[in-house]
1. Residues to consider are Glu227, Glu251; find the one that is out of contact with any Gly (no Cβ under 8 Å at 6 or more places or on another chain) and closer than 18 Å to Tyr186 by Cβ.
2. When you scan region 24-45, how many residues do you find that are assigned to a strand (DSSP E or B) and among the small types (Gly, Ala, Ser)?
3. For region 351-360, check the following and say yes or no: at least one residue is among the small types (Gly, Ala, Ser) and assigned to a strand (DSSP E or B).
4. If Gly74 satisfies every condition in (1) touching a residue at least 24 places away in the same chain (Cβ under 8 Å); (2) in contact with an Asp or Glu (Cβ under 9 Å, 6 or more places away or on another chain); (3) closer than 22 Å to Gly346 by Cβ but one, which is the exception?
5. Identify the residue in region 107-164 that is of a type outside the set (A, V, I, L, M) and assigned to a strand (DSSP E or B) and, among all such residues, is most open to solvent (accessible area, probe 1.4 Å).
6. Can you name every residue in region 37-66 that is open to solvent by 10 Å² or more (accessible area, probe 1.4 Å) and of a type in the set (A, V, I, L, M)?
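The values are calculated or read from the model by the stated rules, or taken from the named source; none is laboratory data. Nothing here was measured: the structure is a model prediction, and the numbers come from that model. Cβ: placed from backbone, ideal geometry, glycine included. Neighbour counts: every protein chain shown. Protein only, heavy atoms only, side chains kept; ligands, DNA and RNA dropped before computing areas. Shrake-Rupley method; radii C 1.70, N 1.55, O 1.52, S 1.80 Å.
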Amino acid sequence: MRTLLRRVYYVDAFMEEAKRGDILIDGDSIVEIGEEIPISEDMEVLDCKFKKAVIPGLVNAHTHAAMTLLRGLGEERPLKEWLEEKIWPVEAKLTPEDIYWGTSLALLEMTSMGVTAFADMYFEMEEVGSAAQQFGARCALAKGIIGTDESNVEKTLSLIDHFKGQELVNVQIGPHAPYTVPAEMYKRLCDLALDKGVGVHTHFMEAPWERGFLMEKYGMTPVDFLENSGLLSVPVALLAHCVWMEEEEIEKMSCPSVQVAHNPSSNLKLGSGIAPLRGYLDRGVTVSLGTDGAASNNRLDVWEEMRLAALLHKGKELDPTCCKAKEVLKMATFNGARALGFDKVGRIERSWKADLAMIDLDKPHYVGFDCANLVHYLVYAGSSADVVGTMVNGVWVYYHGNYKYKEAEFVRERAQKSRERICS
């Protein structure tokens, strides 16, 4: 059965302005876009009467999905103290089952907000991938690696084999950070990524003390570390945060492999600072948006990250033209899909994947929108509460409050039991 989205507004980050018309989906892809596509008996027709907008699905380019179980723990502490004293001791109690239900809880949240794909770094990643597949969402999985334990390398290789050929799942290699993985091991993991043709997902320069650590431990600047580790040569180097890069260093990050995942809410909440976003954009560094985990945000709302990114950097730069609405839409859609290693995802184009979010425009805060200003309305006036449908690969995984593959109440009950156990 083909799906016809009839009489909608549609827009992506590459269009000059929104358009009115129909979108025809066949299987997993968009096959036709036009002003009035002829209806046939083999179509499921959703007539939106120009009261709905369709945009590419949002991508959460950096999170730790199962940390929904840790939401609210260790609030308002510095990053290092928060991790070592509050987060890591509780994480040590997590079982594979906990990871599955924590990830499922995150997917309830994200898919209802128009998120169609997420990049996850955590533990027991087979469980994360299984949960994502059962929700019908795309994901890029990276087992978080700390230290030099060889078993982590074997588990990563097993993860690559386990999900090989799975359309909705990509695997990346996940050294946690330069301060938790020795430089020699880091280099080995990057070499492995290059050999396997997969990306690397890592935390980088999130806090100001990391610069001093690199210099004291290795005699390297952050750019030296990027070059010596091999991160600049892997297929994708997904660098989460990158708050404390100097302007003169950013130029060297402008290469096809580097993808900066900007996490404005988490960086503010943890007191990590404000990333030099304008510097990245001006120098051609690809930037996507992430929420980080629910324990450090505390939301998994990419829509909110769009608005915050646009506003925060206008204020920082004292420039209302800085970080425009269309730029943050691109970060949250097309750029995020690239960072996760997915092709033909993130645009509304013929032959591109039907990963879409449907927005209810029949609300007071959309009065006055038109094709020219719809993106501005979505970013500055809209919110995830306006999402009525989330489609992945041509399937509605969330539609008007209902999830296709999971019962929300059952997921919440199981997640609650996991939360109670790990916090007891």
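1. So the residue among Glu227, Glu251 that is out of contact with any Gly (no Cβ under 8 Å at 6 or more places or on another chain) and closer than 18 Å to Tyr186 by Cβ is Glu227.
2. Keep residues of region 24-45 that are assigned to a strand (DSSP E or B), which gives 24-26, 29-34, 43-45.
With among the small types (Gly, Ala, Ser) added as a condition, the list becomes 29, 34.
Going through region 24-45 one residue at a time, the tally reaches 2.
3. From region 351-360, those among the small types (Gly, Ala, Ser) are 351, 354, 357; that's our starting set.
Checking which are assigned to a strand (DSSP E or B) leaves us with 357.
Yes, that holds for at least one residue.
4. It is condition (3) that Gly74 fails.
5. Of all residues in region 107-164, those of a type outside the set (A, V, I, L, M) come to 109, 111-112, 114, 116, 118, 120, 122-124, 126-127, 129-130, 133-136, 138-139, 143-144, 147-152, 154-156, 158, 161-164.
Okay, now just the ones that are also assigned to a strand (DSSP E or B), so 116, 118, 120, 122, 138-139, 143-144.
On the way: Thr116: 1, Phe118: 2, Asp120: 0, Tyr122: 8, Arg138: 5, Cys139: 0, Lys143: 27, Gly144: 12 Å².
Ranking the qualifying residues of region 107-164, first place goes to Lys143.
6. Quick first cut of region 37-66, residues open to solvent by 10 Å² or more (accessible area, probe 1.4 Å) only: 38-52, 64.
If the condition is that a residue be open to solvent by 10 Å² or more (accessible area, probe 1.4 Å) and of a type in the set (A, V, I, L, M), then Ile39, Met43, Val45, Leu46 are the ones that fit.
Each row is one residue, and each column tells you yes or no for (1) touching a residue at least 40 places away in the same chain (Cβ under 8 Å); (2) closer than 28 Å to Lys164 by Cα; (3) in contact with a His (Cβ under 7 Å, 6 or more places away or on another chain); (4) buried (at least 23 other Cβ atoms within 10 Å of the Cβ).
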| site | (1), (2), (3), (4) |
| --- | --- |
| Ala177 | no, yes, yes, no |
| Pro182 | no, no, no, no |
| Asp191 | no, yes, no, no |
| Trp209 | yes, no, no, no |
| Glu227 | no, no, no, no |
| Met245 | yes, no, no, yes |
| Ile250 | no, no, no, no |
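Residue-wise test of (1) assigned to a loop (DSSP other than H, G, I, E, B); (2) among the charged types (D, E, K, R).
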position: Val345; (1), (2): yes, no
position: Asp362; (1), (2): yes, yes
position: Cys371; (1), (2): yes, no
position: Thr390; (1), (2): no, no
position: Trp396; (1), (2): no, no
position: Glu409; (1), (2): no, yes
position: Arg414; (1), (2): no, yes
position: Ser418; (1), (2): no, no
position: Arg421; (1), (2): no, yes
